[in-house]
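Engineer: The structure is given below, and queries will be raised subsequently.
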Amino acid sequence: MEGLPTAPNTSSTRPPGPKNTRPWLGVLPHFRKDPANYLLNIAREYGDLAYMRLGPQHAFVVSDPDAIRDILITHQGNFTKSRMLERAKVLLGDGLLTSEAEFHTRQRRLVQPAFHRDRLVRYASDMVTCAERARDTWSSGVELDMHREMTRLTLAIVGRTLFSADVSSDADEIGRAMTQIFELFDTLLLPFSDWIQKLPIPPVRRFEKARDRLDKIVYGLIAERRQSGKDAGDLLSMLLLAQDESDNAHMTDKQVRDEALTLLIAGHETTANALTWTWYLLSQNPEVEARMHTEIDRALGGKLPGFDDVANLPYTGGVFAESLRLYPPAWAIGRRAREDYAIAGYTIPAKSILLMSPWVVHRDPRWWPEPERFNPDRWHPDEAAKRPKFAYFPFGGGARVCIGERFAWAEGVLVLATIAQRWRMRLVPGHPVETRAVITLRPKHGMKMTLEER
Ligand code: HEM
């Protein structure tokens, strides 16, 4: 990749970028076809700062790690979430992922204690129990869609850890609703989507139905808990009991619903994809798989893992980190500039969108020699120290960094270790493997794999 382009002396000039193919739509039709790879090609062709027009929006693709750090951390006050996440409000309301400014700071303060270390230790045992339950229902030689299995598993984990509830009976329902919701999101990214949303067309109707089904599940959990009046010590109780210091106000059912649904969705869809891609990568790299098995067998000696074992499984951690490098579930992070902003001498006008893509930066040969190679040895501390910090940012950064980052690391390593103690997965011959970048990076055709007992 080229590095940051050199700005000419006039501030009105835009950085290089693809020419508009349609007067109204800019490059939107090309972008929508395969957005992650479109951004990758743009960075390869035009360098670390490129301009493109997406419908009426001016968008800048930023791929220089230091410039990304400046946007996410140093100058974060100048940015809000981009349009894509604002759109998510139709589903998530004002939960952590979608809220802004003081309201976001207040909600983050209320939710944060649910992710403290002592809580994670407790969650870890739930993660392992759920993974053990899943691995014991499988049998040798069976063909499974690992994406579906991992979605069920991570949903069970987030349900159990954060809501003390067994949501596995609702898992298929939630899975179907999510698929329909993601389909409509494609449409919502179109220009004029504010109008589309109000039309009684089938995709909008399907979306609303799916949202109603999810609401029924979440309001059901809230009502049950309010009725029992019990403090179950989990996130849901915390949300219901939390009071703001300034006005002693409790959250309304709607606010609790927004936070609960946000965590239910943000907390399972991402990790399900990450684990699915990890099983795929392991199946394609048997020597890495064998080293991971050796580490797991040696560290655990056949016992189930606990939170403290995560530190004793550095290679397995490297496997998960490397999978998040090659298939980052949050494949792009977007921001919108409040005021004009300067990068490398170019002016980014207020209201522009800035797109930073882990999918792109994680494949940059300047930081990742042989970028397509799945090599967990890159995660040896000496190697990792040589790279700029934002050459790797699967969880974002700054005030909006993923609140579940440590939860996700623990979950990734513990689920891998628990399942790999017993099983190895092989891709069903001929099964097509392609990415589908919607909000998260999903396997387009699922992931059909055969189980082999170790
Ligand atoms: C591999 C798994 C995960 C990945 C790759 C991931 C990625 C991300 C990223 C990139 C962001 C920041 C988005 C932005 O700045 O625009 C984010 C935010 C968030 N994530 Fe995660 N996440 C993962 C797992 C989780 C889990 C397990 C939970 C909860 C249990 C969670 C809950 C959230 C929430 C609530 C936010 C919004 C935080 C805020 O704005 O204050 N995520 N995640």
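Engineer: How much accessible area per residue does the chain have, in Å², with a 1.4 Å probe? Spell out each step's value before the answer.
Structural biologist: Numbers: 19750 Å² over 454 residues.
So the chain comes to 43 Å² accessible per residue, rounded to a whole number.
Engineer: Roll a 1.4 angstrom probe over the protein heavy atoms and tell me the percent of accessible area of region 1-160 that is carbon or sulfur.
Structural biologist: 50 percent
Engineer: Could you please put Lys19, Lys386 in sequence from largest to smallest accessible area, using a 1.4 Å probe?
Structural biologist: Lys19, Lys386
Engineer: Can you pull out the GluC sites (Glu not before Pro) in region 201-263 whose DSSP state is coil and whose Cβ has at most 13 other Cβ atoms within 10 Å?
Structural biologist: Taking region 201-263 and a limit of 13 other Cβ atoms within 10 Å, the loop GluC sites (Glu not before Pro) found are Glu245.
Engineer: What pairs from Lys81/Lys444; Lys351/Lys389; Lys209/Lys254; Lys89/Lys209; Lys209/Lys230 go past 20 Å between their alpha carbons?
Structural biologist: Where the Cα-Cα span goes over 20 Å, the pairs concerned are Lys81/Lys444; Lys351/Lys389; Lys209/Lys230.
Engineer: While we're here: When the label point is put 7 Å from the Cα of Glu143 along its Cα-to-beta-carbon vector, which residues of region 412-454 have a backbone N closer than 14 Å?
Structural biologist: The answer is 426-432, 446-451, whose backbone nitrogens lie closer than 14 Å to the label point.
Engineer: List the trypsin sites (Lys or Arg not before Pro) in region 298-327 that DSSP assigns to loop (not H, G, I, E or B) and whose Cβ has at most 13 other Cβ atoms within 10 Å. Which are they?
Structural biologist: Taking region 298-327 and a limit of 13 other Cβ atoms within 10 Å, the loop trypsin sites (Lys or Arg not before Pro) found are Lys303.
Engineer: Could you look at region 345-454 and say what percent of its accessible area is carbon and sulfur, using a 1.4 Å probe and all protein chains?
Structural biologist: 54 percent
Engineer: Hey, another quick one. With helices defined as uninterrupted DSSP H runs, which ones in the chain have an alpha carbon span along their own long axis of at least 15 Å and mean Kyte-Doolittle hydropathy of at least 0.5?
Structural biologist: 405-420
Engineer: Let me ask something else about it. So what are the ³J(HN,Hα) numbers for region 52-58, from phi and the Karplus equation (6.51, -1.76, 1.60; θ = phi - 60°), rounded to whole Hz, Gly and Pro as x?
Structural biologist: Karplus values, whole Hz, x for Gly and Pro: 8, 10, 10, x, x, 8, 8.
Engineer: If each DSSP helix of 4+ residues adds -39,500 (n - 2.57) and the sum is divided by the residues in the chain, what number results at 222 nm, nearest 500 deg cm²/dmol?
Structural biologist: Counting only the DSSP helices, I get -15500 deg cm²/dmol.
Engineer: Solvent-accessible area of Trp379, probe 1.4 Å, all protein chains present, reported in Å² to the nearest ten, please.
Structural biologist: Only protein atoms counted, so the area is about 60 Å².
The values are calculated or read from the model by the stated rules, or taken from the named source; none is laboratory data. No experiment lies behind these values; they were computed from the predicted model shown. Neighbour counts run over all protein chains shown; Cβ positions are idealised from the backbone, glycine included. Note: areas computed on protein heavy atoms with side chains; ligands, DNA, RNA excluded. Shrake-Rupley method; radii C 1.70, N 1.55, O 1.52, S 1.80 Å.
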